[in-house]
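Worksheet for the structure shown next.
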Amino acid sequence: MTAPDLRAYAACMGRHPRCILEVRVTPRAGRNDIRVSDGLVRIRVAEIPENGRATEAARRTLARALGLKRRSVTLRTGMTSRTKRFHVEGLSRDEVLERLGAGN
């Protein structure tokens, strides 16, 4: 997946800055971090994929990386999947990609 593909996933959803971001979550990692490579956002979390713990850790990690409060990042789809879509409130798609280091 390339950076333009990532921008398509982070399509802007209206007048106020907000977007949907698709990410790939890897549970049981050594530490929590976010990597953007080949246009794909990957979030590694130390939590186990049980009772939504890894999903919540991914949400917290994404909010922290974007400099937002946790309530500004909500899960839209993918509760039990490794591929998740998060709704990001307060940033446009370009701002999200810039803060994650994906460039424009």
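Each of I34, I48 has some number of other Cβ atoms within 10 Å of its Cβ, and from fewest to most they run I48, I34. Sorting D38, D33, D94 from the fewest to the most surrounding beta carbons within 10 angstrom yields D38, D33, D94.
For GluC sites (Glu not before Pro), the sites in the stretch 32-77 that DSSP calls loop and that have at most 13 other Cβ atoms within 10 Å are E50. Residue by residue, the stretch 22-31 carries 3J(HN,Hα) couplings of 8, 9, 10, 9, 10, x, 6, 7, x, 7 Hz when phi is fed to the Karplus relation 6.51 cos²θ - 1.76 cosθ + 1.60 (θ = phi - 60°); x denotes Gly or Pro.
A short reminder: the numbers here are calculations on the coordinates, not readings from a lab. A quick note: this is a predicted structure, and the numbers were derived from the prediction, not measured. Don't worry about glycine lacking a Cβ; one is built from the backbone with ideal geometry, like all the others, and counts go over all protein chains shown.
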